[in-house]
Amino acid sequence: MNSSHKASIDWIRSNNKKVRKLSSSVSKSNKYDGKIRQLHGEVFEDLDCLECANCCRTTGPLLTNKDISRIAKHLKLSESSFVQSYLRIDEEGDFVFKSMPCPFLGDDNYCSIYEVRPRACKAFPHTDAPGQASIFHLTRKNARICPGVAQILKRLIESET
C-alpha cells in the first residue's frame, strides 16, 4: 500500500468522531445513496486497486455454493476437493478461505481466478450498491481496509461541513 493510500485510511481512523456522526446521518436516510455512488465512481476512476490489494490480503469473502462450483470447475477440481484444499467453515457457518491473504492473490497483486472470483469479491467495497443506509456499517468497516472507501467517506464528510 502506498503512502497516499495509508494516509486516507489514517485520516478515517483519526476522525472517528466525524465518521460516527456521518454514520448516524446515513443510517437514517436514503438520500446519501446517489452521493455515495457518485463518489464511488469518481474515486475508483482514479484509483488502481492493484497498487494496494489490501482487501485481498486482509478480508476473506464468504463463498456461496455457486462460487464454490464455479471456482472448482475453473480449477478443474471437484467441489469437495476445492473445499478441502482452500476453505473452512467459520463461526457463522459460512465458507471462507482457510487463511489470508487470499490463496489466489499473486505477488503482483493480480487475482489468478479474477474471471470467476467470488461474488463478494466482485461486489467489494459495496459503495456502489443501493441501500447504503442499511449497509453503512459495512462501509465504515471497509474504510479501515480500503483507501478508496476511506477517500469516499472523507469527501462525504468534507461535503457535509
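The values are calculated or read from the model by the stated rules, or taken from the named source; none is laboratory data. Predicted model, so just to flag it, every value in this text is computed and none were measured. With ideal geometry, Cβ positions are generated from the backbone for all residues, glycine too; neighbour counts draw on all protein chains shown.
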Task: Members of region 141-160 that are over 14 Å from the mean Cα position of the chain (by Cα) and among the small types (Gly, Ala, Ser) - done: Ser159
- [ ] Keeping to region 141-152, report how many residues are assigned to a helix (DSSP H, G or I) and under 15 Å from Leu47 (Cα atoms).
- [x] 7
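Conditions tested, residue by residue: (1) surrounded by 14 or more Cβ atoms within 10 Å (Cβ to Cβ); (2) under 23 Å from Phe136 (Cβ atoms); (3) not assigned by TED's automatic domain parsing to the domain that holds Ala150.
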site: Arg37; (1), (2), (3): yes, yes, no
site: Val43; (1), (2), (3): yes, yes, no
site: Asp48; (1), (2), (3): no, no, no
site: Glu51; (1), (2), (3): no, no, no
site: Ile68; (1), (2), (3): yes, no, yes
site: Ala72; (1), (2), (3): yes, no, yes
site: Leu77; (1), (2), (3): yes, no, yes
TODO: Would you please list the contacts, defined by Cβ atoms under 7 Å and residues six or more apart or on different chains, that run from a residue in region 4-18 that is more than 13 Å from Ile152 (Cβ to Cβ) to a residue that is surrounded by 14 or more Cβ atoms within 10 Å (Cβ to Cβ) and among the basic types (Lys, Arg)?
DONE: Arg13/Arg144
TODO: Report whether or not Lys6 is farther than 22 Å from Ser134 by Cα and either part of a helix (DSSP H, G or I) or not aromatic (Phe, Trp, Tyr) (or both).
DONE: yes
- [ ] Name the residue, out of Ile135, Ile113, Ile157, that is β-branched (Val, Ile, Thr), more than 16 Å from Arg13 (Cα to Cα), surrounded by fewer than 18 Cβ atoms within 10 Å (Cβ to Cβ) and touching a residue at least 40 places away in the same chain (Cβ under 8 Å).
- [x] Ile113
- [ ] Take the residues in region 122-140 that are part of a helix (DSSP H, G or I) and not hydrophobic (A, V, I, L, M, F, W, C), then tell me which one is farthest from the chain's Cα centre (by Cα).
- [x] Ser134
Task: Any chance Arg57 is over 25 Å from Glu158 (Cα atoms), under 17 Å from the mean Cα position of the chain (by Cα) and in a helix (DSSP H, G or I) - done: yes
